[in-house]
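Written below as structure tokens is the structure these notes are about.
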Amino acid sequence: MKVELQNLTKIFPSRNKKAGGEVVAVNDFTFTIPDGKLIGLLGPSGCGKSTTLYMISGLQKPSGGKIFFGDDDVTELAAEDRGVGLVFQNYALYPHMTVKQNILFPLQNLKGADKLPKDVMLERAYEAAKLVQIDELMDRKPSELSGGQQQRVAIARALVKMPKVLLLDEPLSNLDARLRLQTREEIRRIQKETGITTIFVTHDQEEAMSISDLIVVMKLGVVQQIGKPQDVYDNPTNLFVAKFLGTPPVNVFEGSVKGGKLYIGDAAVLETPGVDDQDVFVGIRPEGFILDNNGPLTCKLNSVEVMGRDVSVVSTHSASLNPVVRSIIDADNQVAAGATVSYSLKPHKVFLFGKADESRIYFGVKSDG
Amino acid sequence: MVESKHSWKAWIYLAPAIVLLLIFTVWPIINTLRMAFLEGYSTMGAVGGATYEFGIGNFKQVLEYKDFLTCLGNTMLLCVLTVPISTILALLIAVCLNAIKPLQRLLQTIFFLPYVTNSIAIGMVFAAMFNMVGSAFGGENELIITAGIINNVLGFFGMDPVNWINAGSSYGANMVVMVVYIVWNALPFKILILLGGLQSINKQYYDAAKVDGTSRRRVFTRITVPLLSPMLAYVVITDFIGGFKEYSSIVGIFGEDMGPTGDPRRLNTMVGFIYDALANHQGRASAAALILFGIIFVVTLINLYVSKKKTHY
Ligand SMILES: Nc1ncnc2c1ncn2[C@@H]1O[C@H](COP(=O)(O)OP(=O)(O)OP(=O)(O)O)[C@@H](O)[C@H]1O
Ligand SMILES: [Mg+2]
């Protein structure tokens, strides 16, 4: 089922009148989530991701805007009646129930015509448990499970009633690195198998990029950009999005455009046709550097880190806003030992942002780029 | 660690407390044991130089005493009636209080007030409320004049006044008054504990239950009560222990006669029995105290066993 958010807004009133300052947790969020897709909701801590999720689930009432499931306006519908599955940031498994009871619980709540016979409920519970591979653990209590197992129980509990929408609030945040990788693949697999429209909240860009069909980047309650992960990575609309996506992060420089050329320091590093003369922020992806002894951008060389296939060159530059300039180049290229390293740049890996609002300034990329 | 070197210091710091405990707790317990097993022991006699033989005669005497069964029966009945009633009421009130946001503090304070009020004083107020003036002195055909507020309320609804506690009142009426009083007296502490328990339950369980489409009734029975079960167990166990030591509440309403005028001792309890014996028959009082201890011990063991099965921790 598609989920449509129209101008969704949440304002938390200020706690005491004197201090003032209400919090706009989510501001004018409009987006239609296509049926059966996995959406990654991405942003730094406190940007309103959980609040968005809670509004979709019905646990929090929007201050403004509307929510549609399919063609039904559910804005005023209580959480109990929305039929969404929600996996909480810390799972919220009922501690006094076994895994089986936890998974059965949403089914036992069904009323009237939806009521299921006992054996069907059990069957469905085991089905859900099998899907997340915890059918061996059905008689344990949550406290007797590992973090990853608890998380899977939480997913099974959310899935068992076959929700129209599945919401996951940073479900991997409590897991160690390996389990995280494994579980996020599992979530992807389960989502594909069930075809349930899923919203996955995280502040880990890599996580969101790797499993989402679409990502939504938020900052301070405002949606910055929506798109396919690769598109957003290749074409960030502003400096924030550029900085937020990618590891190692984008390199940011102070620069200026004069007469159709981009200057970093005194060096003209790139042709930027069609851009008015102005000071800019320059973002260069680590893979946007080409080792070139005659290249225009010269940095002080710090170290070279070999990472198998690639080499990461760590250097510094006076105009860099990051502590170090980090480039990733093919290991075939030998980095000459010396005090400096020079680069030419791949134009499509270079982004210009206005000084005032940090929004993207596009320039015509020459065809050789 | 601080152990070895300066352990004598620790002992010195603890000494005042230990001395007080030895004098006022440990020695009386030992002494109770000793007196209970000396045949027909009395302190006056002992001071006068009499010696007593070891034996279990005191226990036999207690058990043969017909008053003892009355006391035991009263005590048990009060426990069995008041513990469940007060626990359920306290649970409902605590849940309601927890759901109210405005004035919660004020209401909490109001519900806690009885706890800081002297129980004898409360008893006297209750006695006044249930009173029925005139009945004791009224002749056969004389109209009964009621004074207590309860009978006034009953009268307002067109019901006949009930002789709750005065001369000629029935055992059932007496018990009703006692149950109401004891329940009312037990509520504040229980509400306090249960409210604390409720407030410590993670809100996310309720959010999860909402998303799971749980009805209010099921939230209460399947989430709130189980998560509160450790507090409920604590409250029930301590209340049973307190209930077996019921005494001052009856004094508060019926005075030291432990019964309505004309029928003293009818509502006597185990502790009342011990006090009665204490004046002249310390051996018998000690034996009764030990029997009471035994009963409380067994009941508490049963309680613990049941609660271990039923609570989720
Ligand atoms: N109940 C509330 N009352 C007042 N302010 C709130 C409330 N809940 C959240 N906020 C505020 O709303 C903003 C968004 O919070 P939210 O929980 O949605 O962030 P988040 O993106 O989920 O962050 P995280 O990644 O840390 O979980 C924050 O500034 C937060 O302080
Ligand atoms: Mg959050």
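The values are calculated or read from the model by the stated rules, or taken from the named source; none is laboratory data. It should be emphasised that the depicted structure is a prediction, and the values quoted were computed from it without experimental measurement. Because the Cβ atoms are built from the backbone with ideal geometry, glycine has one as well, and the counts that use them run over all protein chains shown. Surface accessibility is based on the protein's heavy atoms, side chains included, excluding ligands, DNA and RNA. Shrake-Rupley method; radii C 1.70, N 1.55, O 1.52, S 1.80 Å.
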| B:R34, A:R178, B:R222, ranked by accessible area, largest first (probe 1.4 Å) | A:R178, B:R34, B:R222
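Just by accessible area at a 1.4 angstrom probe, what is the order of B:I182, B:I18 from largest to smallest?
Working: B:I182 15, B:I18 60 Å².
Result, largest first: B:I18, B:I182.
Can you give the accessible area buried between chains B and A, summed over both chains, with a 1.4 Å probe, in Å² to the nearest 100?
1900 Å²
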| task | Give the angle, between 0 and 90 degrees and rounded to the nearest 10, that separates the Cα long axis of helix A:118-131 from the longest principal axis of the Cα atoms of chain A. | result | 20 degrees
| query | Nearest 20 debye, what's the magnitude of the dipole of the stretch A:246-369 about its Cα centre given +1 on Lys and Arg Cβ and -1 on Asp and Glu Cβ? | reply | 80 debye
| field | Among A:A208, A:V325, A:F88 - extreme Cα towards positive end, dipole of chain A, charges at beta-carbon | value | A:F88
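Can you tell me the convex hull volume per residue for chain B, based on C-alpha atoms, in Å³ to the nearest whole number?
Details: hull volume 70.7 nm³, N = 313.
Value for chain B: 226 Å³ per residue.
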| said: So if I take the centroid of the Cα atoms in the stretch B:275-313 and the same for the stretch B:149-182, what is the distance between those two points in Å? | reply: 31 Å
| said: For a quick check of understanding: with a 1.4 angstrom probe and all protein chains in place, what accessible area in square angstrom does B:D67 have, to the nearest ten? | reply: 40 Å²
| Per-q log10 I(q)/I(0), the stretch B:247-313, q = 0.25, 0.29 Å⁻¹ (Debye; single scatterer per alpha-carbon; no solvent) | -0.99, -1.11
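Once you've got the Cα coordinates, tell me which of A:K115/B:K190; A:K10/A:K115; A:K49/B:K310; A:K141/B:K190; A:K115/B:K203; A:K219/A:K346 are over 32 Å apart. Write out the running numbers ahead of the final one.
Working: A:K115/B:K190 38 Å; A:K10/A:K115 35 Å; A:K49/B:K310 39 Å; A:K141/B:K190 29 Å; A:K115/B:K203 27 Å; A:K219/A:K346 29 Å.
As for pairs spanning more than 32 Å Cα to Cα, those are A:K115/B:K190; A:K10/A:K115; A:K49/B:K310.
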| field | Largest-first principal axis extents, alpha carbons of the stretch A:135-205, Å | value | 31, 29, 17
| query | Mind listing the phi-derived Karplus ³J(HN,Hα) values for the stretch A:168-182, rounded to whole Hz, using 6.51, -1.76 and 1.60 with θ = phi - 60°, and x for any glycine or proline? | reply | 10, 9, 6, x, 9, 5, 9, 9, 7, 3, 5, 5, 4, 4, 5
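Based only on Cα atoms, what mean projected area does the convex hull of the stretch A:1-114 have, in nm²?
Values: hull surface 38.8 nm².
Result: 9.7 nm².
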| remark: On the formula 1/(1 + (r/R0)^6), with r taken between the Cβ atoms of B:L106 and B:I295 and R0 of 51 Å, the FRET efficiency rounded to 0.05 is 0.80
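Express the Stokes-Einstein translational diffusion coefficient of chain A in µm² s⁻¹, to the nearest whole number, given a Kirkwood radius over alpha-carbon pairs, 4 °C and a viscosity of 1.567 mPa s. Could the numbers behind the result be given before it?
Numbers: Rh = 23.2 Å.
My calculation gives 56 µm²/s for D.
Can you list which of the chymotrypsin sites (Phe, Trp or Tyr not before Pro) found in the stretch B:149-232 are DSSP loop residues with at most 11 other C-beta atoms within 10 Å?
Working: sites: B:F156, B:F157, B:W164, B:Y171, B:Y181, B:W184, B:F189, B:Y205, B:Y206, B:F220; in loops: B:F157, B:W164.
Here the chymotrypsin sites (Phe, Trp or Tyr not before Pro) that fit, given the DSSP loop and packing criteria, are B:F157.
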| field | Listed residues A:G364, B:I93, B:A277: farthest to the positive end of the dipole of the protein assembly as shown (Cβ charges) | value | B:A277
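Just by accessible area at a 1.4 angstrom probe, what is the order of B:L38, B:L278 from largest to smallest? Let's see the in-between values first.
Details: B:L38 30, B:L278 80 Å².
From most accessible down to least: B:L278, B:L38.
Accessible area per residue for the stretch A:85-227 in Å², computed with a 1.4 Å probe and the full protein assembly in place, what is it? Don't skip to the end; give the middle numbers.
On the way: 5890 Å² over 143 residues.
Averaged over the residues of the stretch A:85-227, the accessible area is 41 Å².
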| said: What does the net charge come to around B:R222 if you take all other residues with beta carbon closer than 12 Å to its beta carbon, with K and R at +1 and D and E at -1? | reply: +2
| field | Only Lys, Arg (+1) and Asp, Glu (-1) charged, at Cβ; the stretch B:160-313 dipole about Cα centre in debye | value | 900 debye
| field | Centre separation in Å (Cα based) which lies between the stretch A:193-212 and the stretch A:119-143 | value | 24 Å
| When the Cα atoms of the stretch A:216-311 are enclosed in a convex hull and the volume is divided per residue, what value in Å³ results? | 146 Å³
| task | Leaving ligands, DNA and RNA out of it, work out the accessible area of B:Y65 with a 1.4 Å probe and give it in Å² to the nearest 10. | result | 90 Å²
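Convex hull volume of the Cα atoms in the protein assembly as shown, per residue, in Å³?
Values: hull volume 203.4 nm³, N = 682.
So the per-residue hull volume is 298 Å³.
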| message | How are the alpha carbon pair distances in the stretch B:168-313 distributed across 10 Å bins from zero to the largest one, expressed in percent? | response | 10, 27, 28, 19, 11, 4, 1
| field | Computed accessible area, A:D213, all protein chains, 1.4 angstrom probe, square angstrom | value | 40 Å²
| message | Give the average, rounded to an integer, of partner chain Cβ atoms located within 10 angstrom of each Cβ in B:198-204. | response | 2
| request: Subtracting the Cα-Cα distance from 0.36 nm times the residue separation, let me have the gained length for A:E193 to A:T30 in nm, one decimal. | output: 55.9 nm
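Given the stretch B:36-141, what whole percent of its Cα pairs are spread farther than 17 Å? Please list the in-between numbers first.
On the way: 4341 of 5565 pairs.
Value for the stretch B:36-141 (Cα pairs over 17 Å): 78 percent.
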| Given charges of +1 on the Cβ of Lys and Arg and -1 on the Cβ of Asp and Glu, with all other atoms neutral, how large is the dipole of the protein assembly as shown about its Cα centre, in debye to the nearest 20? | 500 debye
